1. Restricting attention to the stretch 65-79, which residues are out of contact with any Ser or Thr (no Cβ under 6 Å at 6 or more places or on another chain), not in a strand (DSSP E or B) and not hydrophobic (A, V, I, L, M, F, W, C)?
2. When the residues of the stretch 1-28 are narrowed to those that are assigned to a loop (DSSP other than H, G, I, E, B) and at pLDDT 80 or above, which ends up nearest to the chain's Cα centre (by Cα)?
3. Confirm whether TYR82 is aromatic (Phe, Trp, Tyr), part of a strand (DSSP E or B) and surrounded by 11 or more Cβ atoms within 10 Å (Cβ to Cβ).
4. Is the stretch 162-176 home to any residue that is surrounded by 19 or more Cβ atoms within 10 Å (Cβ to Cβ), closer than 21 Å to SER108 by Cα and modelled with pLDDT of 90 or more?
5. Specify which of the listed residues (THR118, THR145) is at pLDDT 90 or above, over 30 Å from SER81 (Cα atoms) and either in a strand (DSSP E or B) or open to solvent by 60 Å² or more (accessible area, probe 1.4 Å) (or both).
6. Out of (1) open to solvent by less than 70 Å² (accessible area, probe 1.4 Å); (2) touching a residue at least 60 places away in the same chain (Cβ under 8 Å), what's the single condition that is false for ILE129?
7. Could you please give the count of residues in the stretch 45-64 that are buried (at least 16 other Cβ atoms within 10 Å of the Cβ), at negative phi and either under 11 Å from the mean Cα position of the chain (by Cα) or not in a helix (DSSP H, G or I) (or both)?
Amino acid sequence: RTSDDAFLPTDAQRETLHDMGTLHVLCFDSDAPYVYRRQDGEPTGMIVSILERFAQEVGLTLDYTFCDSRNAMSDTLAAGSYDLLIGAHISSRTCAELGFVNSAPIISSPLAYVQRPTSASAGGATIAIMSGLEDLIDTSSFENTAVYDTAEECLAAVEHKKADVAAGNRSVMEYYI
C-alpha cells in the first residue's frame, strides 16, 4: 500500500491477473455517474475510470458488455461468462443466486427519496424503486410498490404521477434529475 494507491496486488495476485489476460465485464447501463455508455457507445463513468486504471496497472484488457434491462442482464449472465458485474444494484442474496460474490463497494452513496412537492409523505402512496433494491428499501409504509429497471424510469413515474416517491442510489438519482 502506498499513499497513491488504494490497492496493490501481491505478486501472486498480479500473476493470476496477468494470466487472465482479459477481464470480461458485464455492465448494467443507465447507472450514471458510475457506469454508462457515451454517445459513441464507449463505456464511461466513475467505476469504469477506476477499473481502467486498475487494468492498466496490472496489465489486463477489459471487454465490456452492456445490458439495458434486468431481464437482459439475467439472460446475458446465463449465456456467457463474466468476471465482473458492475452498475447493477443487487443484494448479496441475489448475487449468490447468480453465482457472484458481492464485494464491498468501491464507491458508495446513500439512498435518496424523491417526491413530487404535492405528494403525501407515505401512507397510501406508491413508491417506485429500481429492480434489485427491493431488499434494501423499506417499503412497509407505502401502500403500493412499483419496480422499474432504471432510476430514470422511477423518476419518470413520479413526474407522470404514476408514483408518489422514487427511491434509489442518491448519486444516480441526482445525475438523472
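The values are calculated or read from the model by the stated rules, or taken from the named source; none is laboratory data. Predicted model only: the values in this text are computed from it and were never measured. With ideal geometry, Cβ positions are generated from the backbone for all residues, glycine too; neighbour counts draw on all protein chains shown. What goes into the accessible areas is simple: the full protein's heavy atoms, side chains included, and nothing from ligands, DNA or RNA. Shrake-Rupley method; radii C 1.70, N 1.55, O 1.52, S 1.80 Å.
1. As a first pass, look at the stretch 65-79 and keep what is out of contact with any Ser or Thr (no Cβ under 6 Å at 6 or more places or on another chain): 65-66, 68-69, 71-79.
Narrowing the set further to residues that are not in a strand (DSSP E or B) leaves 68-69, 71-79.
Once the filter is applied, which keeps residues that are out of contact with any Ser or Thr (no Cβ under 6 Å at 6 or more places or on another chain), not in a strand (DSSP E or B) and not hydrophobic (A, V, I, L, M, F, W, C), the stretch 65-79 yields ASP68, SER69, ASN71, SER74, ASP75, THR76.
2. Only one residue fits best here, namely GLY21.
3. no
4. yes
5. None of the other options fit; the residue is THR145.
6. Looking at each condition in turn, ILE129 falls short on (2).
7. 4
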